[in-house]
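Asker: Can you read through this structure? Questions will come right after.
Throughout, read-outs are computed from the coordinates displayed, never taken from laboratory work. Since the model is a prediction, treat every value here as computed from it, not as a measurement. Using ideal geometry, Cβ is built from the backbone for each residue, glycine included, and neighbour counts are taken over all protein chains shown.
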Amino acid sequence: MEPGRISNRQLAFLMATVLLATVIYFMPQVAARAVQQDSWITALLSTVWAILVVLTIIALSRRFPGLTLIEYLPLILGKPLGKLLGLFYVFWFLGVGAFVLRQFAMLLNIAVMPATPVAVFMVTMMVLVVYALRGGLEVWTRVNEILLPIIIVALLMIMVLPYESMDFRRLLPVASHPAGVLMVSSLIGASWRGEIFMAAMFIPALTSSRHTSRNLMLMVLIVGLILAAMEVATVAVFGGVNAGELELPIFSLARMISLAKIFDRLEVLIVFTWVLGNFIKICVFMYCSTVGAAQVMGFKKFDFLFFPIAVLMVAFGDNFLENVADFTDFLTHVWGAYGLLSFELVIPFILLLITLIRKPEVKRDTR
């Protein structure tokens, strides 16, 4: 690990930005398409899955203090299998990071500069991300402490200001879908929320291990409430069926804002929060990719990997899905299994079960 250290609060803020950065823009459409006016219920159910992820990675981290997820995989599974699974995790970080990068560039292309090639946005973002990462872990986590409150305030404004267009009768009837349907639908949002498992790559850098699980679970709950409130606002304005047909419901929600000709068409807030949130989120995926790759290959330093991994991330992103409809189909039919039901929860949970049975020895952290 690099010498940079972060506090428990900084880690919680970092994970909150990761959870909010993209899900808030696409989940209202995905959830409304599946369960219409009950979409806000799936946002709350997704929180339960995310709490299970937090409990699992915290339990693993306590059994292997001072080690990242990639470092304790060989201790649990043996060196060959552990290194192989670590490599799979590196490619997962890289692939999902490229997916996020493509999402970021695509929204800017749709909403701001439709004539500009998507690759231009991706390359520009990666240059900024590499510059930030070279400054060290402490630098960009401190930047995130400033950005997260701004993002949350902007999102709250978007949810509250269109109140004149809201009709809460559109939320009725409540829980009209079977419990099984709601639970299955919650897996999609839970896969986004499950990205909090990446905290396992940052826990060894904490200045103190006290209250880590409490802070992470508190952030999961807060993010869940924000997402549920966004679902409520979206359905109250557009209705469940219409919200599922919109490409970017939150963007359409911002367009509904018109107060005394002072606050009018605040789409700029969407672009603002999108850029800030995705900058931090891509930093997290790049950090996990480079640190993970260095640890799999046994390198003590990883700065030299920033450039090649950045190139790979842009290349993968440039060949990802082409439009919002493709993204929505991927999120609806693939993302749940690719995220929560494999790398985020199921594999870590199996690892935890193995440690409980085999109890592998590890040298305790003496910090």
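Asker: For the chain, return all DSSP H helices satisfying: extent of Cα atoms along own axis at least 27 Å; mean Kyte-Doolittle hydropathy at least 0.0.
Answerer: Flagged H segments are 39-63, 79-111, 137-160, 212-238, 267-297.
Asker: For n ≥ 4 DSSP H runs only, could you compute -39500 (n - 2.57) per run for the chain, divide by its residues and tell me the 222 nm figure to the nearest 500?
Answerer: -23500 deg cm²/dmol
Asker: Can you give the charge dipole size of the chain about its Cα centre, rounded to the nearest 20 debye, using +1 on the beta carbon of Lys and Arg and -1 on the beta carbon of Asp and Glu?
Answerer: Charge dipole of the chain: 1400 debye, to the nearest 20.
Asker: In Å³ and rounded to a whole number, note down the convex hull volume per residue for the Cα atoms of segment 142-257.
Answerer: About 137 Å³ per residue, rounded to a whole number.
Asker: Now for a different question. What translational diffusion coefficient, to the nearest whole µm²/s, does segment 8-358 have by Stokes-Einstein, given a Kirkwood radius computed over alpha-carbon pairs, a temperature of 10 °C and 1.306 mPa s viscosity?
Answerer: Value of D from the Cα-based Kirkwood radius: 77 µm²/s.
Asker: Let me ask something additional. Relative contact order of segment 8-358: what whole-number percent is it, with Cα pairs under 8 angstrom and at least 6 residues apart?
Answerer: 41 percent
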